[in-house]
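> Structure in structure tokens, see below.
The values are calculated or read from the model by the stated rules, or taken from the named source; none is laboratory data. What you see is a predicted model, and the numbers here were worked out from it, not measured in a lab. No Cβ is skipped: glycine too gets one built from the backbone with ideal geometry, and neighbour counts run over all protein chains shown.
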Amino acid sequence: MHEVLEELGVRADLLAPQQLGELDELGYCRFDDFLTTDQVGVALGEIEALLAAAGARGGTLHLKDLLESGEVFDPLWLRPQLLAAVRHLLGPEFRISAMHYRAGRPGLGGQEQQTDTAEATGPGRWRVCNVIVALADFTTENGATRVVPGSHLDYGFVPPRGHEDHPEQVLLLGRAGTAWLVNSHLWHSGTANRSSTTRHAVLTGFNRRCGTTAYDVQPSDATIERLGSAAYLLV
């Protein structure tokens, strides 16, 4: 994987010291202007078409396997700076586990705080992380993701009951096109959408290769051909 990441332009110096410190101490870091306004619009247009084709309904909208939908979603993960941050957390032997769309409709979308793995581990041994890309502004009212900074290092952490707030939780707030890489050992969840509009986001999960499963759907020949050497991050 070293050669693949090098070919993709992944270097440690792509990350600011502040981002490295935040990943280690807080459990997440932020990428402002990760997508342009045009890229956000193109991604949302494709998502609307996919939702219509799927006849998607329900309080929280979901779409899976977005990597199979063509190059429109590649900019949401195939970025040297982001992959450098993933490597900082997981080491060089990692792969994508899933890429999906999640959107809480008005009045819905709240979750209990959770981690994405029950395995207790620590620095140098993290297993999973997620990049959250906002395709709508993340606000205090529309169901932004909440995290409890530093809880990935607190093995005695006691989550609040149900959907209650934690006194140290932080909302991930930002304009459409902002992204956050979150250590999935961090306690986090979506919050209820109290606005009148749908909150759109795409999440891409990454796993350390050792002891984990591969990308949840075997990539098609067309996807492998499109991604070239980057396809090694899917298998």
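> Checking the conditions here, which among Ala118, Ala134, Ala98 is farther than 16 Å from Leu76 by Cα and not basic (Lys, Arg)? Walk me through how you get there before you give the answer.
Working: Ala134 fails: farther than 16 Å from Leu76 by Cα; Ala98 fails: farther than 16 Å from Leu76 by Cα.
Exactly one residue qualifies, and that residue is Ala118.
> Right, next: Taking segment 1-26, which residues are farther than 16 Å from Leu173 by Cα and touching a Gly at 6+ places or on another chain (Cβ under 7 Å)?
Listed by number, the list holds a single entry, Glu25.
> Still on this structure, I have one more. Within segment 131-148, work out how many residues are surrounded by 20 or more Cβ atoms within 10 Å (Cβ to Cβ) and either among the aromatic types (Phe, Trp, Tyr) or farther than 19 Å from Val40 by Cα (or both).
3
> If you don't mind, another one. Taking segment 8-48 only, how many residues are on the phi > 0 side of the Ramachandran plot and polar (S, T, N, Q)?
Initial filter on segment 8-48 (on the phi > 0 side of the Ramachandran plot): 9, 27, 33.
When the remaining residues are screened for being polar (S, T, N, Q), the result is none.
The total comes to 0.
> Right, here's the next one. Restricting to segment 200-223, count the residues that are under 16 Å from the mean Cα position of the chain (by Cα) and modelled with pLDDT under 95.
Taking segment 200-223 first, the residues under 16 Å from the mean Cα position of the chain (by Cα) are 200-208, 215-216.
From the residues that got through so far, the ones that are modelled with pLDDT under 95 too are 207-208, 215-216.
Count: 4.
> Can you find even one residue in segment 7-26 that is free of Cβ contacts under 8 Å to residues at least 24 places away in the same chain and acidic (Asp, Glu)? Show your work before the answer.
Here is the first cut: in segment 7-26, the residues free of Cβ contacts under 8 Å to residues at least 24 places away in the same chain are 13, 16-18, 21-22.
Narrowing further to those that are acidic (Asp, Glu): 13, 22.
Yes: one or more hits.
> In segment 75-92, which residues are basic (Lys, Arg) and either within 23 Å of His200 (Cα to Cα) or not in a helix (DSSP H, G or I) (or both)?
Keep residues of segment 75-92 that are basic (Lys, Arg), which gives 79, 87.
Within segment 75-92, Arg79 is the sole residue that qualifies.
> Related question: Starting from residues that are outside any strand (DSSP E or B) and in contact with a Cys (Cβ under 9 Å, 6 or more places away or on another chain), keep the ones in segment 149-185 and report whichever is surrounded by the fewest Cβ atoms within 10 Å (Cβ to Cβ). Spell out the reasoning first.
We begin by selecting, within segment 149-185, every residue outside any strand (DSSP E or B); these are 149-169, 172-173, 175-178, 184-185.
In the following step, the residues that additionally are in contact with a Cys (Cβ under 9 Å, 6 or more places away or on another chain) were identified as 184-185.
Working: Ser184: 22, His185: 25.
Per the criteria, the residue is Ser184.
> Mind listing whichever residues of segment 114-155 are free of Cβ contacts under 8 Å to residues at least 40 places away in the same chain, within 18 Å of Leu26 (Cβ to Cβ) and among the hydroxyl-bearing types (Ser, Thr, Tyr)?
Tyr155
> Just checking, which of Val40, Val133, Val72 is touching a Gly at 6+ places or on another chain (Cβ under 9 Å), at pLDDT 95 or above and outside any helix (DSSP H, G or I)? Break it down stepwise before answering.
On the way: Val40 fails: outside any helix (DSSP H, G or I); Val72 fails: outside any helix (DSSP H, G or I).
Answer to the selection: Val133.
> Go through (1) at pLDDT below 95; (2) assigned to a loop (DSSP other than H, G, I, E, B); (3) charged (D, E, K, R) one by one and return the number of the condition Arg95 breaks.
Arg95 satisfies every listed condition except (2).
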